[in-house]
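Before any comments, here is the structure.
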Amino acid sequence: MIKIKLPDGSVKEFPQGTTPMEVAKSISEGLARNVISAKFNDATIETVTPLVEDGTLVLFTWKDDEGKKAFWHSTSHVVAQALEELYPGVKLTIGPAIENGFYYDIDLGEQTISEKDFPEIEKRALEIARGKHEYKMRSVSKVDALKLYQTQGNEYKVELIENLEDGTITFCDHDTFTDLCRGGHIPNTGFIKAIKILSVAGAYWRGDEKNTQLTRVYGISFPKQKELTEYLELLEEAKKRDHRKLGKELELFTFSQKVGQGLPLWLPKGAALRERLENFLKKAQKKAGYEMVATPHIGQKELYVTSGHYAKYGADSFQPIKTPKEDEEFLLKPMNCPHHCEIFKHRPFSYRELPKRYAEFGTVYRYEQSGELHGLTRVRGFTQDDAHIFCTPDQLDTEFKDVIDLVLYVFGSLGFENFRTQVSVRDPEHPEKYIGSVENWDKAEKAILNAAMDKGLDYEVVSGEAAFYGPKLDFMVKDALGRNWQLGTIQVDYNLPERFDLTYKGSDNELHRPVMIHRAPFGSMERFVAILLEHTGGNFPLWLTPEQAILLPISEKHEKYAKKVLNSLENDEIRALIDNRNETVGKKIREAEMNKIPFMLIVGENEEVSHTVSVRRHGGEDLGAMPIKDFAELVNKKINSNLKSF
């Protein structure tokens, strides 16, 4: 008999060789019908894998992320079989599950795939799926695995196998199809009821531009046709909300090939929006005791060698800038934290002066590959709402919790109500990825877990996602389309204070090492604006939107009154403008709707006589005529309800 621990903490005994599916049946037939994947002692296994030792078992359904991962990876095998049948001689490489769906990289030789071919691929893949073929894993010797793919002339699989150890190689079979695979499949292909090929793109083998360019086929699948239909509708809505499209329409930002890829240019409206976001956070930070600092856009290479950033990222970053002085090199600033360490070091501090909270909207530069650049979400130059808190170990818990409160204030004021948190810790199997002592890492991870627990956060612990210098608390926000984004991060760092030899004088008159907290509620201004654009569809919170109202005079003779209204609104700090073009009011309203201006104020003879404005809300709601002061009060009341108190 073996003991199996389940997620609810219960432990049950089963005969050795019992499968996860049999465990599910022992719990309930309903669960067994829905289980599609399993994990045993943190290793992904099949639902038919015999369990031969004591351990912890987790069963996954379609509702779980791990279940979806197995579902989509299994579908990639089915699509790969369809591609082999439809495109004879195709060479398969890899086909993993991704956040939404899967892809398979293939070498088509002289053949091509275009959008018109998608229906045929989908049709054949669904025919295969309906066969309810079981996924069967089997171990293969390295010699036999190499022989199979050498015979097929598939140099990609041969390369993969050559890098594997004998005794660790497994194949997955279903129907007439075989693929090199580590495992993690649904019970059979019959679970797959709907398949959609989404796109094709070029992809270099192993991401190296020197290698062969392959064809990457993207797809997604579902256990019900209805879910695919809903997903495709969501995709259409996402296209409408694409921040690149909205940014152009609302004249917020642009890019220039002459300036350079991944270097956004903020237009007047976008720059003003950024400034409002910055001022909003600066105001909250001032209340929380932060001091603003400013650091240069470059630093000596030695600065980043000391911090560890150069060893970690130097090879893939912008290359050093040489000066006329021999052996003198500078780097474009990739991080603000080394600069802030040097600010702390500018004079001795006593424990009575701590914590020191330094904040900066600091622009940093990182060389992202051109194929990875994407609008504002992946750029080469971006501004972080960065801050670093230097505190005593006794102050760490309070300071960390205060930062959590600040992040929650930011989210609440910008309409991000649906989020969860992730405690990102080191990977115990790869200690070489991190700097610093085990003791310091243990203290840092414990501090974050305690704070998250005390604040009642809904969090999960994820191994291997920590920064190289310390663990972190990441905020995962769900947007209006149900997509998850990592927004806001708080990190505990015992290591940089050591590397920069930072000290303060304690109550015992001895020198002690401060603890460092890194935090950025927005993350970066660029990425935050992009996510906010897509979350709101361009309908920003009233306090943030570029123009809060637009005045639409019915004719030229009403422009004078419109200017009077404008002056009155500006005195009440309401952002407004006048559309005095020689166009119909109807056309002006349509364009104001397209520009997502919250309020349209129509002014004509009646309004001028009664000292009122006729108010139309974005979306078509008619609020009728009201005195100018009443409208101003309406706007300010709405703004105050948006902005939470901090």
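Estimated at 0.36 nm per residue, the fully extended path between residue 634 and residue 453 surpasses their Cα-Cα distance by 61.2 nm. As I understand it, the value is the acute angle between the Cα axis of helix 268-287 and the longest principal axis of the Cα atoms of the chain; what does it come to in degrees, rounded to 10? So the helix axis and the longest Cα principal axis differ by about 90 degrees.
For region 170-238, the Kirkwood hydrodynamic radius from C-alpha pairs, put into Stokes-Einstein at 4 °C and a viscosity of 1.567 mPa s, yields a diffusion coefficient of 87 µm² per second. State the Kirkwood hydrodynamic radius of region 586-646 in Å, one decimal place, computed from all pairs of distinct Cα atoms. Over region 586-646, the inverse of the mean reciprocal pair distance is 12.6 Å. Put simply, the amide H of residue 198, placed in the peptide plane, has neighbours under 5 Å in 218, 219, 220, leaving out anything fewer than 5 places away on its chain.
Scanning the chain for cysteines with no neighbouring cysteine C-beta under 4.7 angstrom from their C-beta gives 337, 341, 391.
Projection of the Cα convex hull of region 69-239, averaged over all directions and equal to a quarter of that hull's surface, yields 10.1 nm².
Assuming R0 = 41 Å, what is the FRET efficiency of residue 282 and residue 555, from their Cβ-Cβ distance, to the nearest 0.05? The calculated FRET efficiency here is 0.40. Entry note, the chain: the mean residue ellipticity at 222 nm calculated from DSSP H runs of n ≥ 4, each adding -39500 (n - 2.57), is -10500 deg cm²/dmol after division by the residues and rounding to the nearest 500. Separation of region 178-216 and region 463-504, taken as the distance between their Cα centroids, equals 31 angstrom. Here region 2-61 is described by how far its Cα atoms reach on the three principal axes: 25, 20, 20 Å, from widest to narrowest. Values of log10 I(q)/I(0) for the chain across q = 0.08 Å⁻¹ run -0.79, by the Debye formula with one identical scatterer at each alpha carbon and no solvent. Helix 118-129 and the longest principal axis of the Cα set of the chain meet at an angle near 50°. Spin-label model, residue 587/residue 163: points 7 Å from Cα along the beta carbon direction are separated by 6.1 nm. Between residue 11 and residue 53, the simple label model (points 7 Å from Cα in the Cβ direction) yields a spacing of 1.6 nm.
The order of 477, 403, 23, going from fewest to most other C-beta atoms within 10 Å of their C-beta, is 477, 23, 403. For region 481-561, the Kirkwood radius over C-alpha pairs fed into Stokes-Einstein at 10 °C and 1.306 mPa s yields D = 89 µm² per second. Note on region 2-61: dipole from Cβ charges, positive end direction compared against 27, 55, 10; the farthest Cα belongs to 27. In order along region 229-237, the Karplus-derived 3J(HN,Hα) couplings, from 6.51 cos²θ - 1.76 cosθ + 1.60 at θ = phi - 60°, round to 4, 5, 5, 5, 5, 5, 4, 5, 5 Hz, and Gly and Pro are given as x. The modelled label-to-label distance for the pair residue 141/residue 171, using points 7 Å beyond Cα in the direction of Cβ, is 1.4 nm. The slack in the chain from residue 481 to residue 257, taken as 0.36 nm per residue of separation less the alpha-carbon distance, amounts to 77.5 nm. Percent of C-alpha pairs per 10 Å bin in region 31-96, short distances first: 19, 39, 26, 14, 2. Measuring r between the beta carbons of residue 316 and residue 182 and using R0 = 30 Å, the FRET efficiency lands at 0.65. Footprinting exposure proxy ranking of 195, 45, 578, 298, fewest other C-beta atoms within 10 angstrom first, gives 298, 578, 45, 195. Residue by residue, region 395-400 carries 3J(HN,Hα) couplings of 8, 4, 4, 5, 5, 5 Hz when phi is fed to the Karplus relation 6.51 cos²θ - 1.76 cosθ + 1.60 (θ = phi - 60°); x denotes Gly or Pro. Test of understanding: what is the full-extension gain from residue 580 to residue 3, defined as 0.36 nm times their sequence separation minus their Cα-Cα distance? Contour length minus Cα-Cα distance gives 199.9 nm. Here, region 327-449 yields an orientationally averaged convex hull projection of 11.9 nm² when only Cα atoms define the hull.
Cα axis of helix 65-86 to longest principal axis of the chain: angle in degrees, 0 to 90, nearest 10? The two axes meet at around 70 degrees. Given a Förster radius of 56 Å and the C-beta distance between residue 606 and residue 267 as r, what FRET efficiency does 1/(1 + (r/R0)^6) yield to the nearest 0.05? With R0 = 56 Å, the Cβ-Cβ based efficiency is 0.95.
Values quoted throughout were computed directly from the atomic coordinates according to the rules given, and no laboratory measurement underlies them. Note that the structure is a prediction, hence the values are computed from the model and not measured. Cβ sites come from the backbone with ideal geometry, for glycine too, and all protein chains shown count toward neighbours.
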